[in-house]
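Before any comments, here is the structure.
The values are calculated or read from the model by the stated rules, or taken from the named source; none is laboratory data. All values reported here derive from a predicted model rather than from experimental measurement. FYI the Cβ positions are ideal-geometry reconstructions off the backbone, even for glycines, and counts take in every protein chain you see.
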Amino acid sequence: MNAEAHYTDEELVAGLSENGGFNDIVLYIYKQFSSAVVATITYNGGSQEDGEDVFQETVVSFIETVRRGKFRGEASVKTFLTVIARNIWMNELRKRQRSGYREKVYESTRDYRDPDISNYISERETKQEFRRMLEKLGEPCNKILLLFYYENLSMKEMLDQLPYENEQVVRNKKYKCLQQLIGIFKDNPGISEKFIKKSKSS
Amino acid sequence: MSQINFKLLTGHLDGELQPAEREAVERQIRENDEWNEEWSNIQRSVEAIRHSGLYGHVGAIRKQYDALQAVDNVASRTPVRSIVRNLYRIAAFVLLIAGSASVYQYMATNPASIYNQQYAAYSLGSNRGSADASAIEEAYRNGDWKKAAEAYGRWGKYDTKHCFLAGMAQMELKQYKDAAIKFTQVLAYNREHSDNYFRDEAEFYLAMSYLATGEVSLAVPLLKKIRAESNHLFQQRVARLSVVEMNILEFKER
């Protein structure tokens, strides 16, 4: 990607839907939109790190929304990102019991309202718990499942990155790791309920 | 649920079943509560994995962005640079159309050629080592790249030197994107802790990893930064690369 390259909203959405050029597009989103979002968060009581964390979660939410075909393009990408980020931060403030800041943020989000915006909030909490579940798995299960289900690598390709003797060992290990993860979810019924609600709403 | 049925469900998820098996599994999911619930559990788990993968992926790009910002901060302290850069761009353009030698240079300059010209394996100097060298170091010294990278992966905690060596081992294994993440981690850690340990090495080899993956817009600013720092460990090596070549790389990216 050229440092001065410019993407239209349509190009951004199209690029995030497929893997080619994904890194360049996410980097472009960071270059274009992160400073404004981080500034909004710091203006509303957050630290620089809070702002950067919120923006990372915002970008992840946006990509997932696009990949599910739920980004309708009624608002610009910038507006969409800003609204998600503000709502994530508002929810974080709620958790931190700082209602004064919350009201201020709420006032500034009136320019654009998405009827589904509350979904991002409940989804975010569910996803945070998802990540904690994965962390509980530890290495190498975490890596094996990511290589297969996120990187979409074949068993042969995975073998190059793992300390196992052959593809069958990797296959067995992957199977056991998935079972282990499902066991963790079963031990956390609260997450199950949130997931079921989310599945029904999406 | 029995192991056999669970294997059928995961086989269905992974697209490994024959049409008849697939149809039978789909029917069970529709009609059998136990199958339906387990299928739901599997889908939820895979969604969690994909989300976690995406979160980590965006996190790695966030670190790259942070590293680029640090480069920009250095650049902004030398305002004359942008004028010089523009002049060089013009020079690159003139060279491009001037004659066959320039045309040849233009044709021959690409990320791979610059990578081949600049890259040299990192050798672990004795001053960096310790009496009880770690397994990672030992594997690295022996040129056992896979073992070095795996040892760091198993280690599970951050350490600047070993993170860098694991990244170098991945460079040798041609796992450039994983290597870039390691170098970015070194730079991010140094920045957070106001440290310079392995900073120069990480910057240079991060640029190399970007060249290897054709990410010119990330590689060239780093190379220019290294070239501009007279006390950078890799300044002399990068100085062998002409600014015209770097500009040709950028020009071709447009």
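Some values worked out for this structure:
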| read-out | value |
| --- | --- |
| In the range B:204-230, the residues that are more than 14 Å from chain A (Cβ to nearest Cβ), closer than 14 Å to B:TYR119 by Cα and not in a helix (DSSP H, G or I) | none |
| Residues of the range B:161-203 satisfying the condition of being part of a helix (DSSP H, G or I), within 14 Å of chain A (Cβ to nearest Cβ) and not small (Gly, Ala, Ser) | B:GLN170, B:GLU172, B:TYR176, B:LYS177, B:ASP178, B:ILE181, B:LYS182, B:THR184, B:ARG191, B:GLU192 |
| Residue selected from the range A:142-157 under the condition part of a helix (DSSP H, G or I) and surrounded by fewer than 17 Cβ atoms within 10 Å (Cβ to Cβ), by the criterion farthest from the chain's Cα centre (by Cα) | A:LYS156 |
| So B:LEU233, is it without any contact (Cβ under 8 Å) to a residue 40 or more places away in the chain, away from every other protein chain (no Cβ under 12 Å) and over 19 Å from the mean Cα position of the chain (by Cα) | yes |
| Among the residues listed as B:ARG22, B:ARG50, B:ARG62, the single one being of a type in the set (Lys, Arg), within 11 Å of another protein chain (Cβ to nearest Cβ), part of a helix (DSSP H, G or I) and under 26 Å from A:GLN180 (Cβ atoms) | B:ARG50 |
| Any hit, the range B:165-174, residues being modelled with pLDDT of 90 or more, within 22 Å of B:ALA112 (Cα to Cα), under 9 Å from the mean Cα position of the chain (by Cα) and of a type outside the set (A, V, I, L, M, F, W, C) | yes |
| Residues that are away from chain B (no Cβ under 11 Å) and either more than 12 Å from A:LEU147 (Cα to Cα) or surrounded by fewer than 14 Cβ atoms within 10 Å (Cβ to Cβ) (or both), drawn from the range A:158-171 | A:GLU165, A:ASN166, A:GLU167, A:GLN168, A:VAL169 |
| Looking only at the range B:102-127, and only at residues there that are surrounded by 14 or more Cβ atoms within 10 Å (Cβ to Cβ) and more than 21 Å from the chain's Cα centre (by Cα), the one that is modelled with the highest pLDDT | B:THR109 |
| Matching residues, the range B:33-47, being more than 9 Å from chain A (Cβ to nearest Cβ) and under 24 Å from A:LYS176 (Cβ atoms) | B:GLU34, B:TRP35, B:ASN36, B:GLU37, B:TRP39 |
| Candidate set: the range B:141-184, residues that are of a type in the set (Phe, Trp, Tyr) and touching a Phe, Trp or Tyr at 6+ places or on another chain (Cβ under 9 Å); chosen: the one surrounded by the fewest Cβ atoms within 10 Å (Cβ to Cβ) | B:TYR158 |
| Residue in the range A:173-200 that is modelled with the lowest pLDDT, counting only those that are over 30 Å from A:LEU159 (Cβ atoms) and of a type in the set (Val, Ile, Thr) | A:ILE196 |
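Here is a yes/no grid of residues against (1) of a type in the set (Lys, Arg); (2) at pLDDT 90 or above; (3) in contact with a helix residue (DSSP H, G or I) (Cβ under 7 Å, 6 or more places away or on another chain):
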| site | (1), (2), (3) |
| --- | --- |
| B:ALA188 | no, no, yes |
| B:GLU192 | no, no, no |
| B:PHE198 | no, yes, yes |
| B:PHE204 | no, yes, yes |
| B:MET208 | no, yes, yes |
| B:THR213 | no, no, yes |
| B:VAL216 | no, no, yes |
| B:ARG227 | yes, no, yes |
